1. Counting only Cα atoms, I'd like the Rg/Rh figure for segment 106-219, Kirkwood definition for Rh.
2. Using 7 Å Cα-to-Cβ label points, what is the residue 229/residue 145 separation (nm, one decimal)?
3. Give me P(r) over segment 185-334, computed from all C-alpha to C-alpha distances, binned every 5 Å, as integer percentages.
4. Starting from one equal scatterer on each C-alpha and no solvent at all, send me the Debye-based log10 I(q)/I(0) for segment 269-355 at q = 0.15, 0.23 Å⁻¹, two decimals.
5. Give me the distance in nm between label points sitting 7 Å out from Cα along the Cα-to-Cβ direction at residue 321 and residue 357, one decimal.
6. Figure the gain on full extension for residue 179 and residue 3 (residue separation times 0.36 nm, minus the Cα-Cα span) and round it to one decimal in nm.
7. Helix-derived [θ] at 222 nm for the chain: sum -39500 (n - 2.57) over DSSP H runs of at least 4, divide by residue count, nearest 500?
8. Ranking 353, 25, 218 by Cβ neighbours within 10 Å, fewest first, what do you get?
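What follows draws every value from the coordinates through simple rules; no lab data is involved. Only a predicted model underlies this, so the values are computations on that prediction, with no experimental measurement involved. Positions of Cβ are backbone-derived with ideal geometry, glycine not excepted, and every protein chain shown enters the neighbour counts.
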């Protein structure tokens, strides 16, 4: 917790910092990248271009400070810290990089707020940042130890042994290691970072869920190509993978990370996904078909149409051996879709109001943040306890998914 005098200062200045948050983070990123251009190879430059990373950092700092001076957030803060630490570990973030970030972030606060940042205010916000950083550094150290990896040499080289069209704008890549260290163990729901060098020399990492349990010394990634929408360009890494990576090519891949993983008990499950959020769910169903086919599972998925529904065949194959699994799929454009094993197809957007959920089920969700907010609200309104709802967020906005 913050020291008492600093807590009072942070409480008094928090509205000003929050109100100018995106200005502060814009100043911060510009100054940091100018002084340390090598960090452009770590930070997602797509999220820099569309402003999402700046908004997310501003929200993270303000949210953490609010939790430090308020009465809310103990448990939820731990969840968020774990989620951020897992993402940082998948990028090989090192403790010394927090010193660089902290220096430029506090300088940006002073630049934007000017004379309001007295030595006392600077000291108070420095304590906020270093509390935040210390918690993340400690959690990341545990993750590196658990995976027996060095963040400085995090990435290994893997070879593409199969490239398979999966759905509209979706491709599956099957990879095998090029060394003799084998496939690292991982739990269904985890992800890896894939780093590619783009035309022009910029190295960029992105996180992709492992979409199948380990098999035959390989791992499987399923990648949706991110199309620009006028407000943002096409996804640089997903476009590169779709356009330039074929069988025989090599990719740099991190060990698996992520905390959205199945418990090993036999409690009922509700798996909720939308769009490419199906990838961790597909791995979970694949795993359950092998180790607990009788487990009660309700799988709910939303997509635009059957043609955009990734991994449908893999899930149908696994479902055929799972008598305890029921599936409901919502298509906005249902057309003449034919249900597969244990599947019911409905038209329109997902609506779980009044849906009979298994008693005492654990819920795992992955999809766009607005979709998960709506489903989460419906689950809570339907009597599901908040601590039984788990979700994965890809992208920078890790602090806002439960609003």
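1. Details: Rg = 20.8 Å, Rh = 18.2 Å.
Radius of gyration relative to Kirkwood radius: 1.14.
2. 4.2
3. 2, 8, 17, 20, 19, 15, 10, 6, 2, 1, 0
4. Those come out to -0.48, -1.14, one per q.
5. Once both label points are built, they end up 3.0 nm from each other.
6. Working: separation 176, 0.36 × 176 = 63.36 nm, distance 5.01 nm.
Net length gain for the segment: 58.4 nm.
7. Working: 11 runs with 163 residues, N = 403.
Taken over the chain, the calculation gives -13000 deg cm²/dmol.
8. Details: 353 7, 25 24, 218 18.
Ascending Cβ contact count within 10 Å gives the list 353, 218, 25.
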